[in-house]
1. Check MET34: other-chain or 5+ apart residues with amide H under 5 Å from its amide H, H built from backbone geometry?
2. If the cut-off is a Cα-Cα distance under 20 Å, which lysines reach LYS221, setting aside same-chain residues fewer than 8 apart in sequence?
3. With θ set to phi - 60° and the Karplus curve 6.51 cos²θ - 1.76 cosθ + 1.60, what are the ³J(HN,Hα) couplings of the range 142-157 in order, to the nearest whole Hz, using x for Gly and Pro?
4. To the nearest Å, what is the center-to-center distance of the range 212-229 and the range 101-117, using C-alpha atoms only?
5. Over the alpha carbons of the range 9-91, what is the largest minus smallest coordinate on each principal axis, giving the biggest first in Å?
6. What ratio of Cα Rg to 2.2 N^0.38 Å holds for the range 23-63?
7. Between MET253 and residues 5 or more places away or on another chain, which pairs have amide H atoms under 5 Å apart, with H built 1.01 Å from N, and which residues are they?
8. Once the mean 1/r over all distinct Cα pairs of the range 131-253 is inverted, what Kirkwood radius in angstroms do you read off?
Amino acid sequence: MQRNQLQPALITGSTSGIGLAIAHAVADAGYPVMLHGLQSPAEGESLRQAFSDRYGINCGFSDADISSEAGCAQLVAETREALGNPGLLVNNAGVQFTAPAHEFPGEQWQRVISINLSAAFYLSRDLLPAMRASQWGRIINISSVHGLVASEHKAAYCAAKHGLVGLTKVLALENADCGVTANAICPGWVETPLIQPQIESIAQEQGIDLDAARAQLIGAKQPMTRATSPEAIGALVLYLCGDFASTITGTAMPVDGGWTAQ
Ligand code: NAD
């Protein structure tokens, strides 16, 4: 099998939280990195410059909105222009919306499914031919424990994250003959801006402080009552890129403090 020549890495939603930590991990390992997320061009350029200066790598930035097929095509074009074809694609960008299914607004359903699931399909479809031709590729989908089990009020998120696990398995099977692996990472609670509204709403509803609300949110699901660090997900992505992980494909790996062991 051909070794990875540190081909460019595209990490969606890498201006914040888990995606930013993954970008730091792969940049530190020497990969050229395409940063991406909904930031202003000025903020994006300053992040790009900071990465380039700190790690001495080629680095690009795109603010493409990947909630549509056209937005995904824009991200692919901007990545190719900045760095060439990526060998590593991390489908990480994601959004959340919570409501009971019988009250779930249609536009929120569409938004969650398009960003958390459809974008991963469009980007994988468009980037796979070059990975297959080069005989090396890694597609890593940041799913969730909600790709494996359900929670109330997360109809769209659970549907999208379960869908992402299914997509991962198909990509693994279809590309098993050409050095391309596809895996899903399924985190439990990770301390990032995505979970802040959930912490704040518990604090408000129950009149408790944010630390108590955070402990309650995490402890309600995880035997280990502490959140995973974003850096731990970055380290796992890096492991999956290595030669020792070349036969790990089609998996959905929980990183969840025991949540799904119950
Ligand atoms: P975050 O809110 O910190 O970051 C989300 C990123 O996605 C940002 O860079 C944002 O700009 C980008 N993004 C959102 N909508 C976009 C759009 N339409 N177009 C382009 N970019 C867009 O979130 P996070 O907590 O770091 O989550 C990252 C991934 O990890 C998500 O897929 C999330 O579902 C998953 N996840 C998070 C947790 C957690 O506890 N935080 C747990 C399990 C899974």
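1. For MET34, whose amide H was placed from the backbone, the distant partners under 5 Å are ALA9, LEU10, ILE11, GLY60.
2. Leaving aside lysines fewer than 8 places away in the same chain, those within reach of LYS221 are LYS154, LYS161.
3. 7, 8, 4, 4, 6, x, 10, 9, 10, 9, 4, 6, 10, 4, 5, 4
4. 26
5. 32, 26, 22
6. In units of the 2.2 N^0.38 Å rule of thumb, it is 1.04.
7. Here ALA184, ILE185, CYS186 satisfy the definition.
8. Working: mean 1/r = 0.0627 Å⁻¹.
Taking every pair of different Cα atoms in the range 131-253, averaging 1/r and inverting gives 15.9 Å.
Read-outs: derived from the displayed coordinates by stated rules, not from any lab. Keep in mind that what you see is a predicted model, and the values were worked out from it rather than measured. Methodologically, a virtual Cβ is constructed for each residue, glycine included, from the backbone with ideal geometry; neighbour enumeration extends over all protein chains shown.
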